[in-house]
Amino acid sequence: TVYYPEERLLRIGLVPMTMSGEEEPGLLLVMQDITAIRRLENMRSEFVANVSHELKTPVAAVKGFAETLLSGAMDDRDTAISFLTIINEESDRLNRLIGDILELSKIESRRSPLQFSPIDIPHFLNRMTELLYADAAKKSITLDVQSEPELFLEADEDRLGQMVMNLMQNGINYTPEGGMVKVRAEFVAGEDGEDSDIVRITVSDTGIGIPKKDMQRIFERFYRVDKARSRSSGGTGLGLSIVKHLVELHNGTIRVESTVGVGSRFIMELPMLHQ
Ligand code: ADP
């Protein structure tokens, strides 16, 4: 294999062949551009390495604290309770991680096709708010959800739920106490000023914001701006990559705008009808 300009990778082979009318056999030079294949292979092995690393962290914590308990710490009740609490939390983290990894692999391999149906968005968003109300209340965060009336969208309801919940949950996680998470759903105006057939769902918060240099990378698997913060809020680092995949399966787009210390806004645009 050789490299040639623009960092592409070529595989070169020689195949013996006899040309018609020629006595001596010749050689056929075959060049195959394997850049895409190699890139995919690299991404795959990088993902496996990342997954192993992410899984090892909670397992090491569970093992470490269990061993310390067994070698005597159990005799002190307060220590035992605090170590068992950590073991319990780390097991939950492990469960979430495994769930998200399986989810991502299911989405990527297209093993579970989407089930499209018309969704009544105002009603749907109210349900999302009910599900997250307790989490928001714990941090005195206000959830402000508004939709245009009579807004319908053809989507896979469970997947749309995952997309919106993930964005709202992030809004809550990365917003300090007393802040606000807003959700808006509306038709995108077409060029003629009429409603187009695109629905925009925006989730914005008054949180910590995202530095410019990280903004494009947060949709990558396991990419976190601040690892410690993501861990303490129970994050797996996979939420946004799952959201992005699901948005693309709905033929939509997602982008982010953010200012550090002011807040972030995630903008999803989805076609109203699935063809
Ligand atoms: P995590 O489980 O770490 O939240 P995500 O894939 O959901 O993983 O998000 C990736 C990273 O993007 C987070 O770790 C965080 O640094 C950043 N992020 C996501 N949403 C927000 C937000 N609303 N405000 C600030 N940072 C965010």
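The values are calculated or read from the model by the stated rules, or taken from the named source; none is laboratory data. Predicted, not measured: the structure shown is a model, and the values here were computed from it. Cβ placement follows ideal geometry from the backbone for every residue including glycine, while neighbour counts extend to all protein chains displayed.
You will find that of G263, G209, G235, G239, the residue that is farther than 25 Å from H123 by Cα, among the small types (G, A, S), touching a helix residue (DSSP H, G or I) at 6+ places or on another chain (Cβ under 8 Å) and in contact (Cβ under 8 Å) with a residue 40 or more places away in the chain is G235 and no other. The set of residues in segment 192-215 being within 11 Å of the ligand (Cβ to nearest atom), of a type outside the set (A, V, I, L, M, F, W, C) and outside any strand (DSSP E or B) consists of T206, G207, G209, P211, D214. Using the structure shown, decide if D156 is in contact (Cβ under 8 Å) with a residue 24 or more places away in the chain and either surrounded by fewer than 12 Cβ atoms within 10 Å (Cβ to Cβ) or closer than 30 Å to F65 by Cβ (or both). The answer is no for D156.
Pairs only if they're at least six apart or on different chains, beta carbon under 6 angstrom, first in segment 167-184 and farther than 16 Å from R229 by Cα, second of a type in the set (S, T, Y); list them, first residue then second. Listed pairs, sorted by first residue: G178/S140; G179/T206; M180/T142; M180/T206; K182/S204; R184/T202. Can you tell me which residue in segment 20-77 is surrounded by the fewest Cβ atoms within 10 Å (Cβ to Cβ), limited to those that are under 19 Å from R93 (Cα atoms) and polar (S, T, N, Q)? My answer is S52.
One line per residue, one yes/no per condition, for (1) under 16 Å from the mean Cα position of the chain (by Cα); (2) modelled with pLDDT of 95 or more; (3) away from the ligand (no atom under 12 Å from the Cβ); (4) surrounded by fewer than 21 Cβ atoms within 10 Å (Cβ to Cβ):
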position	(1), (2), (3), (4)
V181	no, yes, no, no
S230	yes, no, no, yes
G234	yes, no, no, yes
G252	yes, yes, yes, yes
V262	no, yes, no, yes
M272	no, no, yes, yes
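For segment 158-167, state whether one or more residues are over 20 Å from I254 (Cα atoms) and charged (D, E, K, R). The answer is no, given that none of the residues of segment 158-167 is over 20 Å from I254 (Cα atoms) and charged (D, E, K, R).
The conditions are (1) modelled with pLDDT of 95 or more; (2) surrounded by fewer than 17 Cβ atoms within 10 Å (Cβ to Cβ); (3) more than 18 Å from the chain's Cα centre (by Cα), and T202 fails exactly one of them. Which is it? For T202, the failing item is (3).
Among the candidates P122, P149, the residue that is surrounded by fewer than 12 Cβ atoms within 10 Å (Cβ to Cβ), over 23 Å from the mean Cα position of the chain (by Cα) and within 25 Å of M272 (Cα to Cα) is uniquely P149.
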